[in-house]
Amino acid sequence: MTTSNHIPESIILVGPMGAGKTTVGKQMAQKLGKTFVDVDQELEKRTGVSINLIFEIEKEAGFRARETAMLAELMARRNAIIATGGGIVVTPENREILKSTDNLVVYLKTEVKHQLKRLKRDKQRPLLRGTGRRERLLNLARIRNPLYDEVADIVFASGRTSSYGMAKKIVAHLCKEPKKTTKRNP
C-alpha cells in the first residue's frame, strides 16, 4: 500500500471501452488501499438488470439518465477509485460533474486497434453489437476523445501496457506529483 500524501482522496478513471478502466482501477485500489467501484457494475447491482437490458428497455437516453445519477452519487465517496463507462462523457452534465470535482480525473487513452484486440470476444456491450466494430469505434473515438481530454486532469496511454503495469505507472506518477489543488482548464 502506498502512503504518500500526494495521492488524491479519490480518483476517477475515464476513457473508451476496452481502455482497461475496471481492471486498472481494481489494481490501483489494491495498491493504494482504496475502495473500487465501477459505475456500470453499480448500476447493474442497484437495478438488478444488465446494462444491455436497460439499453433495450429505456434506450440510450434512459441509461444515460441513470448513469448521471449514479455518477453524482459515487463522486461523493471518499477514498475510492471510480471506473466510469466509456460513454460517460457524452452527457454535458457528466462532463460538468467531472470537471468541477476536487477528485483527480485520469484519462486512459487507447487506440482503436488496441480496443479491437481487447474487445474481440466481447458480446455484451450494446454499442458493439453486429458488424462494423472498427468503424463504430473510430466514430466513437472522433466524438469522445476530445471530451475525455476536456474532463481529464492527467492522461495515460493504455496501449500495450498490461493492466498491472498501467496501475503501477499511474500510482508511481501520483507518488511523485504534488497533490492536485485546482482543475486544469480545458
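The values are calculated or read from the model by the stated rules, or taken from the named source; none is laboratory data. All values reported here derive from a predicted model rather than from experimental measurement. Heads up, the Cβs are rebuilt from the backbone with ideal geometry, glycines too, and the neighbour counts pull from every protein chain shown.
Listed here are the residues, each with its yes/no results for (1) in contact with a Lys or Arg (Cβ under 8 Å, 6 or more places away or on another chain); (2) of a type in the set (Gly, Ala, Ser); (3) at pLDDT 85 or above.
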| site | (1), (2), (3) |
| --- | --- |
| 118 | no, no, no |
| 121 | no, no, no |
| 139 | no, no, yes |
| 145 | yes, no, yes |
| 148 | yes, no, yes |
| 157 | yes, yes, yes |
| 166 | no, no, yes |
| 172 | no, yes, yes |
| 180 | no, no, no |
Of the residues 13, 98, which single one is closer than 19 Å to residue 150 by Cβ, at pLDDT 95 or above and part of a helix (DSSP H, G or I)? 98
Of (1) at pLDDT 85 or above; (2) farther than 27 Å from residue 9 by Cβ, residue 106 satisfies all except one. Which? (2)
Checking residue 13 against (1) closer than 18 Å to residue 153 by Cβ; (2) surrounded by 21 or more Cβ atoms within 10 Å (Cβ to Cβ); (3) more than 12 Å from the chain's Cα centre (by Cα), only one condition comes out false. Which one? (3)
The number of residues in region 40-74 that are in contact (Cβ under 8 Å) with a residue 60 or more places away in the chain and in contact with a Leu (Cβ under 7 Å, 6 or more places away or on another chain) is 1
Those residues that are in a helix (DSSP H, G or I) and under 15 Å from residue 103 (Cα atoms), I need them from region 33-84; list them, please. 71, 72, 73, 74
